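Worksheet for the structure shown next.
The values are calculated or read from the model by the stated rules, or taken from the named source; none is laboratory data. Note that the structure is predicted; figures quoted are calculated from it, not measured. Heads up, the Cβs are rebuilt from the backbone with ideal geometry, glycines too, and the neighbour counts pull from every protein chain shown. Ligands, DNA and RNA are stripped out before the accessible areas are found, and what is left, the full protein with its side chains, is counted by its heavy atoms. Shrake-Rupley method; radii C 1.70, N 1.55, O 1.52, S 1.80 Å.
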Amino acid sequence: TVHGRGVQFVGSVETVDVAAVREFSDGTSFDVADDIPELHQTIRFVTAPDDHRLAVATTGTGRPLIKAANWLTHVEHDWRSPVWHHWLTELGRRFRFVRYDARGSGLSDRDLTGSDMTDPGFWADDLEAVIDATVPDEPFVLLGVSQGAVPAIVYARRHPERVSHLVLFGAYAEGMRLRGEQARAESDTLLQLIRTGWGGTNPAFRTVFTMNFMPSATSEQMRVFNDLQLRSADAANALALERAFHELDVGALAAGVTVPTLVMHCRSDHATPYDQGRRLATIIPGAELVTIESENHILTADEPGWADFLGHLDRFTST
């Protein structure tokens, strides 16, 4: 403090790149570290066996990592989202990272007519179409997040020679409606919330899902995730997809997986109980179980669990 002049601050100065500013359609903006020239994404479309078009995004270079589709994504919007951007950039720095929107959501075709969505093999067919179009002749790391573990497990059973490492995060062996009376009651409640308020103007209904997926998120991350729900699927598709995902069961299939497998699960995950991840690790022969200290189903960039996830991913895929 300088008498008569106020406060003087003396310190070293370091010049850093300014983070890019991203803007949503409603005019609000946030900062993301998107100033690395080699990190950008390309979006193309792949045709599934039934002529359904799937939106596929690729980021980064080098060894491929394929992420099986999970619910609540939009490959274009996610690149600008504080919910998913750190996932895309960090995985894009490490791999040629390929992901896609599940049919019925995001930029993929929205028509779900005639789809047998409770058949795990149905979702694996879409994953296989993406792999054949993007990584036709080299081994790759396969990542299954949440219900994306279902097609990942089926594909690893079908083509073990293609999968160098299988990584499952927040995954389950059996859908919510197959886990007992209490879980079935919770499933009924979530489905009714979608029927009642998914497409409405009151965000309270969608906030229930947001709190379930990211209870430790900031208010901005929650607002963005509420918005993502509307962008990813309309009310009819959201209901059809959620109902189908609650019926999926890969317990028996998982027992036949022979590729090296890492199961990571957050200890206090609200959306998928920790016991589901543990069960997968006991079913898949030789699988490694890693517990992440978090209550989020989707890890945020600023929580210690995110660094733990990346560290274990690097360690496991380096062998």
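Of all the listed residues (LEU280, LEU253, LEU228), the sole one being modelled with pLDDT under 95, aliphatic (A, V, I, L, M) and assigned to a helix (DSSP H, G or I) is LEU228. Which residue is farthest from SER108 (Cα to Cα), if the candidates are limited to region 221-230 and must be open to solvent by less than 20 Å² (accessible area, probe 1.4 Å) and among the aliphatic types (A, V, I, L, M)? If we take residues in region 221-230 being open to solvent by less than 20 Å² (accessible area, probe 1.4 Å) and among the aliphatic types (A, V, I, L, M), then VAL224 is farthest from SER108 (Cα to Cα). Output the residues belonging to region 102-122 that are surrounded by 24 or more Cβ atoms within 10 Å (Cβ to Cβ) and either free of Cβ contacts under 8 Å to residues at least 60 places away in the same chain or among the hydroxyl-bearing types (Ser, Thr, Tyr) (or both). Residues satisfying the conditions are ARG103, SER105, SER108.
The set of residues in region 251-261 being surrounded by fewer than 22 Cβ atoms within 10 Å (Cβ to Cβ) and either in contact with a Ser or Thr (Cβ under 6 Å, 6 or more places away or on another chain) or under 20 Å from ASP308 (Cα atoms) (or both) consists of PRO260 alone. Taken as a whole, the condition of being closer than 30 Å to GLU128 by Cβ, open to solvent by less than 20 Å² (accessible area, probe 1.4 Å), in contact with a Phe, Trp or Tyr (Cβ under 7 Å, 6 or more places away or on another chain) and at pLDDT 50 or above does not apply to LEU39. Considering only residues of region 291-319 that are among the β-branched types (Val, Ile, Thr) and more than 18 Å from the chain's Cα centre (by Cα), which is surrounded by the most Cβ atoms within 10 Å (Cβ to Cβ)? The selected residue is THR317.
The single condition among (1) within 16 Å of ILE298 (Cα to Cα); (2) surrounded by fewer than 21 Cβ atoms within 10 Å (Cβ to Cβ) that THR201 does not meet is (1). Only residues that are buried (at least 21 other Cβ atoms within 10 Å of the Cβ) and part of a loop (DSSP other than H, G, I, E, B) were counted across region 231-250, and they come to 4.
Within region 123-142, track down each residue that is open to solvent by 10 Å² or more (accessible area, probe 1.4 Å) and of a type in the set (Phe, Trp, Tyr).
TRP123
Scanning region 98-125 for residues that are closer than 22 Å to TRP87 by Cα and in contact with a Leu (Cβ under 6 Å, 6 or more places away or on another chain) yields TYR100, ASP101, SER108. Among residues of region 260-289 that are without any contact (Cβ under 8 Å) to a residue 24 or more places away in the chain and farther than 14 Å from VAL167 by Cα, those with a Cβ under 8 angstrom from a residue that is open to solvent by 20 Å² or more (accessible area, probe 1.4 Å) and outside any loop (DSSP other than H, G, I, E, B), sequence gap 6+ or separate chain, pair up as TYR274/THR291.
Among the residues of region 62-73, the ones that are open to solvent by 20 Å² or more (accessible area, probe 1.4 Å) and either at pLDDT 95 or above or charged (D, E, K, R) (or both) come to 1 in all.
Exactly one residue among ILE194, ILE153 is out of contact with any strand residue (DSSP E or B) (no Cβ under 8 Å at 6 or more places or on another chain), open to solvent by less than 40 Å² (accessible area, probe 1.4 Å) and β-branched (Val, Ile, Thr), and that residue is ILE194. Of the numbered criteria (1) modelled with pLDDT under 95; (2) buried (at least 16 other Cβ atoms within 10 Å of the Cβ), the one THR218 fails is (2). Taken together, the residues in region 164-188 that are over 12 Å from PRO120 (Cβ atoms) and open to solvent by less than 10 Å² (accessible area, probe 1.4 Å) amount to 7.
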